[in-house]
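Down below is the structure, laid out as structure tokens.
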Amino acid sequence: VKNRGRSHFRFYSEKMKRGTKHTMKIETALRKAIVKDELVLYYQPQVDLKSGVVDGFEALLRWQHPHLGFISPLEFIPLAEETGLIGPIGEWVIKKVCSSLCDWKRLGYKPASIAINLSPLQFQQAGLVEFIKKQMIINKLSPGQLEFEITEGAIQDSREALTTLNQLKSLGVKIAVDDFGTGFSSLSYLKRYPIDTLKIDQSFVKDVLLDEKDEAIITTIIHLAHSLGLNVIAEGVEQLEQLELLKLKQCQKAQGYYFSRPIPEEAVIKHYLQDIPN
Ligand code: C2E
Ligand code: CA
Ligand code: CA
Ligand code: CA
């Protein structure tokens with residue numbers, strides 16, 4: 001027993017060491033990822049459910065490392081937050097989206113909006129609003145073409161959060177609450193904060209056909225959005241039946257694998273630029 005215990009311990013500590021090494025390796029690589037041009041944005045279509053038309057996209061970050069391979073944002077975004085790298089990475093995302101919108105417009109394509117995820121830390125960073133403003137001017141974006149997705153955690157009752165949101169709004173951009181309903185927060189911020197959109201979290205959509213409670217929550221969020229005059233979008237829609245239910249409940253927009261996975265910029269240009277009438 002004693003021996004086994006010891007070897008067990010050794011196994012664990014080896015594993016932990018490997019874990020730390022792995023993390024450090026990724027951290028070092030992440031520092032270089034921007035300059036080495038390893039980050040790329042994918043775009044997931046957002047569909048207007050009344051017209052059936054794709055009128056926007058969510059920008060989702062991808063990291064393709066030459067040796068480590070594909071690394072999920074679920075893995076490297078938290079690491080970027082811990083190490084402060086979320087600052088430069090977040091700015092890279094904003095810059096890239098703005099310049100792509102400008103490129104697409106030159107090619108004759110102007111989506112209603114692109115949604116950009118903002119991490120809570122990034123949201124607190126001084127200079128964020130100025131940076132966004134600068135990129136909007138350089139790329140001659142129309143107001144409303146950018147939508148920023150923030151989680152309830154980022155906008156915990158604070159004066160600073162309200163100030164930043166108001167400054168963002170004054171640029172003409174839109175604000176969406178991502179993963180709505182999962183943040184354990186009170187709803188009172190919806191009264192005071194300049195929110196445009198509620199984004200129904202995919203965990204509610206996932207089992208909506210099986211679980212009456214998920215269905216009740218979705219119904220309530222849609223009603224809440226309508227009563228407050230907010231837009232509402234459901235994410236994680238994978239099946240026709242989920243879509244039908246959301247339409248029945250007057251959900252305004254949806255995104256998910258049922259319509260399309262996130263796609264690279266070349267695919268956006270290929271598929272959506274063709275739809276433009278001359
Ligand atoms: P999120 O903002 O909640 O994004 C939705 C995630 O669900 C994305 O995962 C998307 O690819 C995935 N998804 C979309 N449709 C479906 C579907 O029908 N079924 C399922 N099962 N999943 C679907 P992804 O791209 O791996 O991103 C994960 C998270 O990483 C995002 O969650 C977001 O929190 C974060 N993230 C991604 N890009 C950025 C970024 O540029 N900045 C920041 N701060 N965070 C980002
Ligand atoms: Ca999001
Ligand atoms: Ca989400
Ligand atoms: Ca999420």
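The values are calculated or read from the model by the stated rules, or taken from the named source; none is laboratory data. Predicted, not measured: the structure shown is a model, and the values here were computed from it. Please note: Cβ atoms are built from the backbone with ideal geometry, for glycine as well, and neighbour counts cover all protein chains shown. Heavy atoms of the whole protein, side chains included, go into the accessibility calculation; ligands, DNA and RNA do not. Shrake-Rupley method; radii C 1.70, N 1.55, O 1.52, S 1.80 Å.
I'd like the carbon and sulfur percentage of the solvent accessible area for the range 119-185, probe radius 1.4 Å, heavy atoms only, ligands and nucleic acids excluded.
For the range 119-185, the apolar C and S fraction of the accessible surface comes to 55 percent.
For the chain, with every protein chain kept in place, what is the accessible area per residue (1.4 Å probe, Å²)?
Accessible area per residue: 55 Å².
Taking R0 as 45 Å, what's the FRET efficiency between Q202 and K25 from their Cβ-Cβ distance, rounded to 0.05?
Efficiency, rounded to the nearest 0.05: 0.90.
For the range 32-75, with all protein chains present and a 1.4 Å probe, just round the carbon and sulfur fraction of the accessible area to a whole percent.
57
Among DSSP beta bridges whose residues both lie in the range 28-142, state the antiparallel percentage, nearest 5.
Roughly 75 percent of the DSSP beta bridges within the range 28-142 come out antiparallel.
Could you point to the residue in H271, T164, V232 farthest towards the positive end of the range 142-278's charge dipole, with +1 and -1 charges on the Cβ of Lys/Arg and Asp/Glu respectively?
T164
Compare the Cα positions of I155, L245, G87 along the charge dipole of the chain (+1 at Cβ of Lys, Arg; -1 at Cβ of Asp, Glu; about the Cα centre) and return the one farthest towards the positive end.
G87
Please give the length that would be gained between S186 and H67 if that part of the chain were fully extended, namely 0.36 nm times their separation in residues minus their C-alpha to C-alpha distance (nm, one decimal).
38.4 nm
For the range 147-278, what is the charge dipole size about the Cα centre, in debye to the nearest 20, if Lys and Arg each add +1 at the Cβ and Asp and Glu each add -1 at the Cβ?
In total the dipole reaches around 540 debye.
Is it possible to state the helix-based mean residue ellipticity at 222 nm for the chain, with each DSSP H run of 4+ residues giving -39500 (n - 2.57), the sum divided by total residues, to the nearest 500 deg cm²/dmol? What is it?
Using -39500 (n - 2.57) per qualifying helix, the result is -15000 deg cm²/dmol.
In the range 137-278, how does Rg compare with the Kirkwood Rh, expressed as the Rg/Rh ratio over alpha carbon atoms?
1.00
Could you check which residue among S170, S113, S227 shows the biggest mean-square fluctuation in a GNM of the chain with a 10 Å Cα cutoff?
Maximum fluctuation in the GNM of the chain, among the listed residues, is at S227.
Mind listing the phi-derived Karplus ³J(HN,Hα) values for the range 30-46, rounded to whole Hz, using 6.51, -1.76 and 1.60 with θ = phi - 60°, and x for any glycine or proline?
Taking θ as phi minus 60°, the curve returns 5, 4, 8, 4, 5, 5, 7, 6, 9, 8, 9, 9, 9, 10, 9, x, 10 Hz for the range 30-46.
How big is the antiparallel share of DSSP beta bridges in the range 57-208, given as a percent to the nearest 5?
That works out to approximately 15 percent antiparallel.
Based on Cβ point charges of +1 for Lys and Arg and -1 for Asp and Glu, what charge dipole magnitude is obtained for the chain about its Cα centre, in debye rounded to the nearest 20? Let's see the in-between values first.
On the way: 35 positive and 34 negative charges, 238 e Å.
Computed charge dipole of the chain: roughly 1140 debye.
Holding the Cα-Cα limit at 22 Å, pick out from K134/K253; K133/K169; K50/K169; K105/K199; K110/K247 the pairs that are longer than that. Mind showing how you got there, number by number?
Numbers: K134/K253 30 Å; K133/K169 11 Å; K50/K169 27 Å; K105/K199 26 Å; K110/K247 25 Å.
Listed pairs above 22 Å: K134/K253; K50/K169; K105/K199; K110/K247.
How big is the chain along each principal axis, measuring the range of its Cα positions in Å and listing the largest first?
Here the spans come out as 70, 47, 42 Å, largest first.
Just the number, please: percent antiparallel of the DSSP beta bridges in the chain, rounded to the nearest 5.
About 40 percent, rounded to the nearest 5.
In the chain, with Lys and Arg counted as +1 and Asp and Glu as -1 at Cβ, which of these residues, T220, G181, Q125, has the Cα nearest the positive end of the dipole, that is, farthest along it?
The one lying farthest along the dipole's positive direction is Q125.
In the range 124-231, which trypsin sites (Lys or Arg not before Pro) fall in coil by DSSP and have 16 or fewer other Cβ atoms within 10 Å?
Filter output for the range 124-231: K140.
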